[in-house]
Every structure is written in structure tokens, then in C-alpha cells.
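Notes for the one structure printed next.
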Amino acid sequence: MIKLLNIHLNHFPRHEKYALCQEIRSAAYDVYQLLVEHQKKHHNKTTLKRLDIRHEQLRMLVNLAFELGYYEYKDNKRIQGERSARSESERRYAAVSVLINELGAMIGGRIRSAREKSLAAGE
């Protein structure tokens, strides 16, 4: 997911390189770091909650970039032709969204598992 996101972010318009692009990268890297932290901790409810929140922020930032039309750029320039730009941007956005959604499903599964464990332990 991070590799694909970085490829797409490199094509966004120049004026977004240090704004929305950087925020999306930061959110993606934070999610990655929180996944590692979650794997290494024994009591990780807080980490899971932070991971879930940061993942949702990443999802919303990527959605915002799509709504602003930044997926319609290639090499920092808007793709020519209305139909080709729209179909290309939708294809790029869908590819990233599928990966983000899969990651969200995995995080949700971990949260449910942790909740069930805490209920079974009587916490």
C-alpha cells in the first residue's frame, strides 16, 4: 500500500508536495509504525485504538485527494482529455482504496479479537 501510495503521490501537483502529499505519507508511515508497535506489545488496546484512528485519517486524506482531482495528474501535470483523466484517476484511486480497505478490515479483526479476549478474561 505504501509503495503504491508513494508512486501516486509523486504525480500529484507540485503545490501539494508539502501539504496534502506529506500528510498522506505521514499517515501511511504512522499506520505502518503502529502495526509494528501493535505486534510487539502485550497489552495493546491503546495501540489498536491509535492505529484505527490513524488508519481512518489516512482513508479520509486519500478520499480528499481524489475529490480534489489530484489523481488526475501525471508527472505533476493534469492528464489531457476529460474521459482519460477521469478513468485513470478512478483506476488509481480504486487501487489504493482497495488496499486501504483491506488494511481496515484487518485492523477491525484485531480489535474484535482483543475485545473478545478481554471479555473472556473478565476485564
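Every number in this text was worked out from the coordinates using simple rules, so none of it is lab data. Source: prediction; values computed, not measured. Here the Cβ is made from the backbone with ideal geometry for all residues, glycine too, and neighbour counts use every protein chain on show.
Here are a few things to note about the model shown:
- Dipole magnitude for the range 2-120: about 360 debye, using +1 per Lys or Arg Cβ and -1 per Asp or Glu Cβ, origin at the Cα centre.
- Once the Cα-Cα distance is subtracted from the 0.36 nm per residue extended length, the A95 to E23 segment shows a gain of 24.0 nm.
- Using the average count of surrounding beta-carbon atoms within 10 Å as a protection proxy, the listed peptides 77-89, 51-63 rank, highest first, as 51-63, 77-89.
- 5 angstrom amide H check on K74, placed H, neighbours 5+ away: I79
- Residues with amide H under 5 Å from that of K17, placed H, sequence gap 5 or more: none
- Modelled this way, with points 7 Å down the Cα-to-C-beta line, the labels at A120 and R50 are 2.7 nm from one another.
- The range 1-54 shape via C-alpha gyration tensor axes, a/c threshold 1.5: prolate
- Kirkwood-Stokes translational diffusion coefficient of the chain, alpha-carbon pairs, 25 °C, 0.890 mPa s, µm²/s: 157 µm²/s
- When the Gaussian network model of the chain links Cα atoms closer than 10 Å, the mean-square fluctuations of Y29, Y73, Y18 top out at Y18.
- Positive-end ranking of G104, F12, A114 along the dipole of the chain, with charges on Cβ about the Cα centre, is headed by A114.
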